[in-house]
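**Student:** Okay, here's the structure, questions in a sec.
The values are calculated or read from the model by the stated rules, or taken from the named source; none is laboratory data. Small disclaimer: the values here were computed from a predicted structure and weren't measured. As a convention, Cβ positions derive from the backbone with ideal geometry for all residues, glycine included, and neighbour counts pool all protein chains shown. Protein only, heavy atoms only, side chains kept; ligands, DNA and RNA dropped before computing areas. Shrake-Rupley method; radii C 1.70, N 1.55, O 1.52, S 1.80 Å.
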Amino acid sequence: MPSRPRYAWEWHSCHQHYHSMDEFSHYDFLEANSQRRVAEGHKASFCLEDSSCDYGYRRRYACTSHTQGLSPGCYDTYNADIDCQWIDITDVKPGNYVLKVSVNPSYQVPESDYSNNVVRCDIRYTGHYAYTSGCRLSA
């Protein structure tokens, strides 16, 4: 469930709508060797809903019915073209990096298992393209 009641949501000027929490996921772009952060981004939460579910689970939450949450075995999927949820790498030099994605980083949403909330992917950035490989769950 969202961490704040609806009346306490905050206006997000980039998206032009209200958000139920400031940071639902955080993105770090790290140098591969040193793990030094060279860029970062985040995703604010607008609507938590069961976009789809694994076999054997059913959707319980949908923003269109004004019920928000994520059910066990389900997930909330956002398209890559939604504005204001990216990492600006304009000034990042070509090289090898790690993309670290942390979901629910401040533990604002109660979960039965927090151990699967961080993923790291290897990134090779050419200056024009980013190639992703080796994505894995991380502590």
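**Student:** Taking a 1.4 Å probe, which of 99, 48, 70 shows the most accessible area, and what order do the others take after it?
**Tutor:** 70, 99, 48
**Student:** Mind telling me which of 128, 42, 26 comes out most flexible in a GNM of the chain, alpha-carbon contacts under 10 Å?
**Tutor:** 128
**Student:** Additional query: Provide the solvent-accessible area of residue 122, counting protein heavy atoms only and rolling a 1.4 Å probe, rounded to the nearest 10 Å².
**Tutor:** Accessible area, nearest 10 Å²: 60 Å².
**Student:** Tally Lys and Arg at +1 and Asp and Glu at -1 over the other residues with C-beta under 13 Å from the C-beta of residue 50: what net charge comes out?
**Tutor:** That works out to 0.
**Student:** Could you work out the relative contact order of region 6-138, using alpha carbon pairs under 8 angstrom and six or more residues apart, expressed as a whole percent?
**Tutor:** The normalised contact order for region 6-138 reaches 22 percent.
**Student:** Within region 6-138, what whole-number % of the accessible surface is contributed by carbon and sulfur, with the 1.4 Å probe and all protein chains included in the calculation?
**Tutor:** Taking all protein chains in place, region 6-138 shows 50 percent carbon and sulfur surface.
**Student:** Identify the trypsin sites (Lys or Arg not before Pro) of region 27-58 meeting these criteria: DSSP loop state and at most 13 other C-beta atoms within 10 Å of the C-beta.
**Tutor:** Within region 27-58, the qualifying trypsin sites (Lys or Arg not before Pro) (loop, at most 13 other Cβ atoms within 10 Å) are 36, 58.
**Student:** Can you list residues whose amide H is under 5 Å from residue 23's amide H, if they're 5+ apart or on another chain and H is modeled 1.01 Å from N?
**Tutor:** 45
**Student:** On a 1.4 Å probe surface of the protein chains, which of 138, 106 comes out largest in accessible area, and what is the full order?
**Tutor:** Accessible-area ranking of 138, 106, largest first: 106, 138.
**Student:** As an exercise, identify the chymotrypsin sites (Phe, Trp or Tyr not before Pro) in region 65-139 lying in DSSP coil whose Cβ has no more than 16 other Cβ atoms within 10 Å.
**Tutor:** For chymotrypsin sites (Phe, Trp or Tyr not before Pro) across region 65-139 that sit outside H, G, I, E and B with at most 16 neighbouring Cβ atoms in 10 Å, the list reads 78, 86, 107, 114, 129.
**Student:** Using each residue's phi in region 105-114, evaluate 6.51 cos²θ - 1.76 cosθ + 1.60 at θ = phi - 60° and report the 3J(HN,Hα) Karplus result to the nearest Hz, with x for Gly and Pro.
**Tutor:** With coefficients 6.51, -1.76 and 1.60, one gets x, 9, 6, 6, 9, x, 9, 7, 8, 8 Hz.
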